[in-house]
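Here is the structure we will look at, set down as structure tokens.
The values are calculated or read from the model by the stated rules, or taken from the named source; none is laboratory data. Remember, it's a predicted structure, so these values are computed and weren't measured experimentally. Cβ: placed from backbone, ideal geometry, glycine included. Neighbour counts: every protein chain shown.
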Amino acid sequence: MTDAGHDDPILREDQLLEVFERSFRPGTRAVGIEAERIALFDDGAPLRFGGDATHPGVGAVFAQLVERHGWHPAAPDAPGGPVLSLERGRGNITLEPGSQFELSGAPHISLHALRDELTEHRDETDSLALTPKLHVLGLGFQPWARQDDLDWVPKSRYPIMRSYLPERGPRALDMMRRTATVQANFDFASERDAMRKLRAALALSPAVAGLFANSPLKEGVRQPYKSERTMVWLGMDPDRSGLLPFAWAPDASLGAYVQWALDAPMFLVKRNGVAAQATTHTFRRFLAEGFEGARATTGDWETHIKTLFPEVRLARTLEVRCADSVPLRYALALATLWTAVLYDDEALSAVEQLFVPHGFATWNGLRARIATDGLATPVGGTTVGALLRSLLPVARGALRRRAITDASGVDEQAYLAPAEELAADDRSVCDALLDGWNGDRADLSRRCAF
């Protein structure tokens, strides 16, 4: 292996903090969204990377997005490899291991711009002229397909994850190929700001997961859970997932986050487009010893950080990752709630008063119960739903103080309404979408269309 070239070698452990420090943006409060969706054909068959005589593959989808909507093929994952993603402006379309579709949107100063981006992307995917028709759904878990019904997207890190992660948790392959999420990404101004937002977001995440729970089906059978996806994540690699107990301490620092990441096993070291499995090494060991002649670089560190999957992740932005995939109006409500909480001191303080005091052990212990019972779950003499109903008016006030209006003079408060409507009746998204559903596949595609 040769050196990564443009990447600076890491010579001191304190350089690891610089990735986060370079991301401090005191004057910016942008929001971005990453929306994964489950793609199904009319007959319920899943979109696969490789097409066949009866069902088009990802290549046919990408070709129409390029030809009709101005997307461009991104550089392949490996020299001479297939196109695995598209790009346009500051957004891109990528693929999860089971060909779940993901829009990674641009950062936006207003939620109105975020709405426009999501709406445009929905309209573009709705316009795809494929036979059978393809439906792109906001669901947190693949409703029909078994593992054997899916193929693998040929991305270099996926075979490594496929071989390693099942050793660390029984639901690893389901996580990779049958789940989908909507996450929102936010700026942080300083170390204190980053850690305060991280702690508050971790505390709020189980409640948000319950509110936006939307994965009650598995292989066509209604499960006893509102969120099968949450149950999958509870069976995942504990070294790289969860609610980060160290981050709940009032004096938790970025250094503590770095120490946690250093002790997590790596997936790979990539040089000259070739990925080598490095799961024998934590990043701490890689830093001390190297790996097959390669020494650690800043690029390796950034790659490693993105292979960690806590419910809230620090990288170039703060990424809140706890929710199931949901249709557009709920995805926008999710981003709106987090925007209100993370960019307003009064709302952030409300989370610190309502959710943080229950502590890591309580919220971690309730995750499976919330996946089953949703907002009716008891916590500390109250319920998850009651806590949210106390927070939502504060969040609405934060949006009112933002006072960002669209061309019609409407401010961002309107986007919070779907979350308020659900919380008022202790409902999750799946309760609203699937009330009265009779098991018909076409009806499911209509109800859960993104």
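What are the residues in the range 279-322 that are of a type in the set (Phe, Trp, Tyr) and part of a strand (DSSP E or B), if any?
First, pick out the residues of the range 279-322 that are of a type in the set (Phe, Trp, Tyr): 283, 286, 291, 301, 309.
Selection gives Phe291, Phe309.
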**Message:** Between Leu391, Leu422, Leu399, which is of a type outside the set (D, E, K, R), assigned to a helix (DSSP H, G or I) and either more than 19 Å from Leu348 (Cα to Cα) or touching a Gly at 6+ places or on another chain (Cβ under 7 Å) (or both)?
**Reply:** Leu422
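For the range 151-258, give me every one of the helices (runs of 4 or more DSSP H) that falls completely inside it and has 3 or more residues that are aliphatic (A, V, I, L, M), crowded, with 23+ Cβ neighbours inside 10 Å and at pLDDT 95 or above. First the steps, then the outcome.
Numbers: elements: 158-164, 172-178, 191-211, 228-233.
By residue number, 191-211.
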**Item:** Qualifying residue in the range 27-38 (condition: under 23 Å from Lys155 (Cβ atoms), in a loop (DSSP other than H, G, I, E, B), in contact (Cβ under 8 Å) with a residue 40 or more places away in the chain and touching a Gly at 6+ places or on another chain (Cβ under 8 Å))
**Value:** no
**Prompt:** What is the residue count in the range 103-136 for residues that are more than 29 Å from Gly27 (Cβ to Cβ) and surrounded by 18 or more Cβ atoms within 10 Å (Cβ to Cβ)?
**Reply:** 7
**Asked** Would you pick out the residues in the range 57-82 that are surrounded by 17 or more Cβ atoms within 10 Å (Cβ to Cβ) and either basic (Lys, Arg) or in contact with a strand residue (DSSP E or B) (Cβ under 8 Å, 6 or more places away or on another chain) (or both)?
**Response** Val58, Val61, Phe62, Leu65, Trp71
**Request:** Please state which one of Ala340, Ala331, Ala323 is of a type in the set (A, V, I, L, M, F, W, C), under 18 Å from Ala371 (Cα atoms) and crowded, with 22+ Cβ neighbours inside 10 Å.
**Result:** Ala323
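Can you name the residue in the range 83-102 that is in contact (Cβ under 8 Å) with a residue 24 or more places away in the chain and more than 30 Å from Ala414 (Cα to Cα) and is also surrounded by the most Cβ atoms within 10 Å (Cβ to Cβ) among such residues?
Restricting attention to the range 83-102, the residues satisfying the condition of being in contact (Cβ under 8 Å) with a residue 24 or more places away in the chain are 83-84, 86, 91, 93, 95-102.
Then keep just the ones that are more than 30 Å from Ala414 (Cα to Cα); that gives 83-84, 86, 95-99.
Values: Val83: 17, Leu84: 22, Leu86: 21, Leu95: 24, Glu96: 21, Pro97: 22, Gly98: 28, Ser99: 21.
Across the range 83-102, the extreme among qualifying residues is Gly98.
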